[in-house]
Structure formats: structure tokens, C-alpha cells
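Before any comments, here is the structure.
Throughout, read-outs are computed from the coordinates displayed, never taken from laboratory work. Since the structure is predicted, the reported quantities are computational estimates derived from the model, not experimental observations.
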Amino acid sequence: MRISRVIAAIYGFLCVAALLLIPASLGGWFGMARDPLAGIYAIVLGAPWSYILNFLPTLGIWFNVAAVALGMVMNFLIILVAGDLLARLRRAVL
């Protein structure tokens, strides 16, 4: 297994955990206290795409969560494609 796939898998796991932290904190799941900053991990993992939310009108929390999740998916795909391109380049050079 290539290292880029391992990195993408770890990134994907962290993204899912960050997205699950938002409703867990808002709903008080597992005895968690309500934390208004629960989504900060998702915003950081969705960067730089999540910063576009500053320029969009406020359409509700679930629209913002979906937009951040879309940014995470884009980053995940960039990691996979970049790893594939680097592997092809390495094979072509060697």
C-alpha cells in the first residue's frame, strides 16, 4: 500500500471524527457538554475550502456542515490524486 493511501485513510478517519463531533456536542451525546467550538476541527480539516463560507450567506448550520464536508472530500481526493501522480512520476524516472 502506498503511503499516500495511508495518509488519505488517516485524513478520512479524522474528517469523519470531526464531523461526528459536531452533533455529538450539540446533542450532548455520551455526556459531552455543549461546546460552541466543536466544529473548529472540521473547519481546520476542510481548509482552505472552508474559508469560502465567510463569503456565502448564512443558510443554517447543516448547510455549513455540508459545505465543510465537501471541502474535506476535495482535500481527500487531492491527496489521492497527488499521491498517484507522484507514484507515476517516480516510476517514469526510475
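Structure data summary
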| quantity | calculated |
| --- | --- |
| Choice from Gly12, Gly39, Gly27 showing the highest fluctuation, given a GNM over the chain with Cα pairs closer than 10 Å | Gly27 |
| Angle between the chain longest axis and helix 61-93 axis [Cα atoms, degrees, rounded to 10] | 10 degrees |
| Rounded, prolate or oblate (a/c below 1.5 giving rounded, otherwise prolate when a/b exceeds b/c) for the range 40-81 by Cα gyration tensor | prolate |
| Relative contact order (%) - criterion: Cα under 8 Å, at least six apart; region: the chain | 33 percent |
| Folded to 0 to 90 degrees: helix 3-27 orientation relative to the chain principal axis, Cα | 0 degrees |
| Cα shape, the range 18-59, gyration tensor, a/c 1.5 rule | prolate |
| The chain, helix-only ellipticity at 222 nm - DSSP H runs n ≥ 4, -39,500 (n - 2.57), divided by all residues, nearest 500 | -23500 deg cm²/dmol |
| 20 °C / 1.002 mPa s Stokes-Einstein diffusion coefficient of the chain, Kirkwood radius on C-alpha pairs, µm²/s | 146 µm²/s |
